[in-house]
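Just so you know, all these numbers are worked out from the coordinates, no wet-lab data involved. From a predicted model like this one, the values you see are computed outputs, not experimental measurements. Positions of Cβ are backbone-derived with ideal geometry, glycine not excepted, and every protein chain shown enters the neighbour counts.
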């Protein structure tokens, strides 16, 4: 299993504690304490996952998140002290795949990290199509008329989950369980924001989606082929 | 408002009928336009005054005209009487023809004499009763003399009366008749002067017309003045109303225009001062709210970060507690449990302060309440099982969809269930969901110690506990129901409690189906039906 985790956090005690827990679970943590050096550290370490505190000195956690996302598809899990919708949505929209609200249990954090790192493992060779998109599951490739579309592993998984059962309407809770690995429904905002992000990449007109359709009051389903 | 009107007019069926007869638009304008009401009222009042004054004036003028005419008539009649008396005194003979000739001549001479009372005719009678011989220019003139007047004159009194007289040539009209007996030794003679009143009538008609016209003109003028004055006063009031509406809709910079230095200008100035003061206070409150939100957010971050470290450290310790000596192991357990409680308390405090700061935002979406309740039951099942309580969800009925914030509603239901389990004495906790076209309701019922009278309102108070001596079994923060109440209010919903000592308690959450709609009823009763244990057992989910 991939194991390099970059911890971006300004609180030394928490960073050290995170290190203890991550090492205990067999990960290889490295640390950076401020936002300005976070991006440089990211390029040096080339981690498999980033744990990012949203409130950082130097640069805003949101900006760091955006910068990293702009140059990499690596999973990002936010650590946030705010459970206000606006902050979480802002974090997710700037590119984070998941978030953990402080104070969290070590087990919860590890579960989130594992769920993100597990993506793309042990896939069967499979070809799907949703709308005018072609999906090569094993090759992690999405193409429209031969043109590849870059998706993060999470967005890819979300699309595959919908595409595998094109007739089925997925509730947000079902998607949370299937894509994020939440056993009990957590926060459906995760689904809303990621569906929007996915649409902005795969839809020709995100205002009138044809690939990921909203079923009002229930959830989402794949567009017809 | 409409309801009230309905009730009032219900007591006055007559008025209601009349109101309904009037077109709705007129009624609405009457109710809504002060200007129109002022104008119409002014016109009506002025009209009444003009009519009264006009009637008095006309009566006075008429009386005066008649009085002048009468005085002149009587004077002329006395004058004529003296002449007739002298003429008759000269006739000594008993010869009827002679008398007749004298009378004819006298009548003619009298009729030709002018006088102050204007045009007139003269009629004389000779003899008594029905045999009396009239001496007149026309027979119709003699017939016009009313018998009552003649009776009085034959009684020897000079008298006058108003009567309708036929002057011949179709000229018939009102006339003043003055009659007097002519003293004579020969026979009974009566002399009547007939003064037609046509000139006076014409004058009166003219005066009446003038009074009527000026009355109408006056009423219209006063109406116009009323309308203008009302408009002058109403316009700034309307301005004020419009500005107030704009202020109420959040445009706090709006002000009234101030013109001149009159009372209306004072109104506008005071209004603007009020608006400015309101604006200042609202700004201050907004500032305060922002500061509070900021503070909450900062406290949140500052407290949560160290708490996370403590929490993780406690978890690491807890995971290896078996390697510790007993006292340290137990300490680790206590640390772990209390960190959990501390965290719950911090979360609840932050949530409450977010409500206090007005920072809570509703994120409503169509939500299946039945599925939501099932989810919460699944999540709280283990907690209930630890207390020996069973969660019984009443099944059946259609899916209940409501525009609600699922996170908040889940939190409410979770709080209600945990609360019911905590106070349920290990007895089953029953949960019901129902909905209709307007509202949806969820009830959570326990069969524990119940609530004493007055406690149903207190349960939502912060940090309130039913019985201080009771153990804090599930480690509730004492804020759960307060937060739930705020959550319900944010939806425009109700959260109510019912309870009786020894019979348990029931909490009911009622939410509008459409976000923002006003609640009028709840699909489920607040106090539970009499207990039917067999039925509840059958309804087990």
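Modelled spin-label separation between residue A:189 and residue B:436, with each label point placed 7 Å from Cα along the Cα-to-Cβ direction: 3.6 nm. Extension gain, residue B:139 to residue B:302: 0.36 nm times the residue separation minus the Cα-Cα distance gives 45.9 nm.
Partner shielding of B:310-319 amounts to 5, given as the average count of beta-carbon atoms from other chains within 10 Å of each residue beta-carbon. Segment residue B:41..residue B:331, full-extension length gain: 95.7 nm, with 0.36 nm per residue of separation and the alpha-carbon distance subtracted.
Taking the fewest neighbouring Cβ atoms within 10 Å as the starting point, the ordered list for A:152, B:228 is B:228, A:152. Neighbouring Cβ atoms from other chains, within 10 Å of the Cβ of residues in A:8-14, number 3 on average. At a Förster distance of 56 Å, what's the computed FRET efficiency of residue B:164 paired with residue B:237, Cβ-Cβ distance as r, to 0.05? So, using R0 = 56 Å, E works out to roughly 0.40. Based on C-alpha pairs under 8 angstrom that are at least 6 apart in sequence, chain B has a relative contact order of 9 percent. Taking the C-alpha atoms only, the angle from helix B:406-423 to the longest principal axis of chain B is near 70 degrees. Set the Förster radius R0 to 22 Å, insert the Cβ-Cβ distance between residue B:262 and residue B:228 as r into 1/(1 + (r/R0)^6), and round the FRET efficiency to 0.05. Calculated transfer efficiency: 0.90. Note on B:74, A:86: ascending count of other Cβ atoms within 10 Å places them as A:86, B:74, the fewest first. Model label sites at residue B:519 and residue B:319, defined 7 Å from Cα along the beta-carbon direction, differ in position by 4.5 nm. Quick check: the distance between the Cα centres of the stretch A:128-184 and the stretch B:317-392, to the nearest angstrom? Using only Cα atoms, the two centres lie 33 Å from each other.
Kirkwood-type hydrodynamic radius, the stretch A:4-117: 13.7 Å, calculated from all non-identical alpha-carbon pairs. Sorting B:124, A:78, B:274 by the number of Cβ atoms found within 10 Å of their own Cβ, with the fewest placed first, yields B:274, B:124, A:78. Cβ-Cβ distance of residue B:210 and residue A:132, R₀ of 60 Å, FRET efficiency by 1/(1 + (r/R0)^6): the value works out to about 0.05. For the stretch B:264-356, the relative contact order comes to 27 percent (Cα pairs under 8 Å, sequence separation of at least 6).
When the helices of the protein assembly as shown are scored as -39500 (n - 2.57) per DSSP H run of n ≥ 4 and the total is divided over every residue, the value at 222 nm lands at -17500 deg cm²/dmol.
Principal-axis analysis of the Cα atoms of chain B puts helix B:2-11 at an angle of about 50° to the longest axis. Helix B:326-356 and the long axis of chain B differ in direction by around 20°, with both axes built from C-alpha atoms.
Diffusion coefficient of chain B by Stokes-Einstein, Kirkwood radius over Cα pairs, 37 °C, 0.692 mPa s: 95 µm²/s. Summary value for the stretch A:4-117: 24 percent relative contact order, contacts being C-alpha pairs under 8 angstrom separated by 6+ residues. Mean partner shielding of peptide B:295-308, defined as the number of other chain Cβ atoms within 10 Å of each residue Cβ, is 5.
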